[in-house]
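This report refers to the structure that appears directly beneath it.
The values are calculated or read from the model by the stated rules, or taken from the named source; none is laboratory data. Because the structure is predicted, anything quoted here is derived from the model rather than measured. A quick note on method: Cβ atoms are made from the backbone with ideal geometry, for glycine too, and the neighbour counts reach across all protein chains shown.
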Amino acid sequence: MSNTSPLVLPPYKGSTVRVSALDGGHIALPAKFLIEPSILGQDILDVPAFSFLVENHEAGKKIMFDLGIMKAWETKLGPKSEMSCLFPTGIPDRLSKRD
């Protein structure tokens, strides 16, 4: 028998949103930046970076929660950074193709 209680949703108040997760790229970085103590054989981690587009069609509004990687990351972090980043295409480019 499960000890979990059922999911209770808040009452509907007349508006919903559509949420889209967008691939903002991947970051390869030393595990020591995220995990301590280190995991044997996992020196480098491949970490996804997502952005989320939230759209309310009734209100005609959109908002972006951009957790992606800035295009100028190499310039900002400098040449001795222990990271590498992979971008598919820019988020703005993909959003303009989507509309």
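With respect to the conditions (1) at pLDDT 85 or above; (2) in contact with a strand residue (DSSP E or B) (Cβ under 9 Å, 6 or more places away or on another chain), E58 lacks only one, and its number is (2). Checked against the criteria, I69 counts as surrounded by 12 or more Cβ atoms within 10 Å (Cβ to Cβ), assigned to a loop (DSSP other than H, G, I, E, B) and either at pLDDT 80 or above or of a type outside the set (F, W, Y) (or both).
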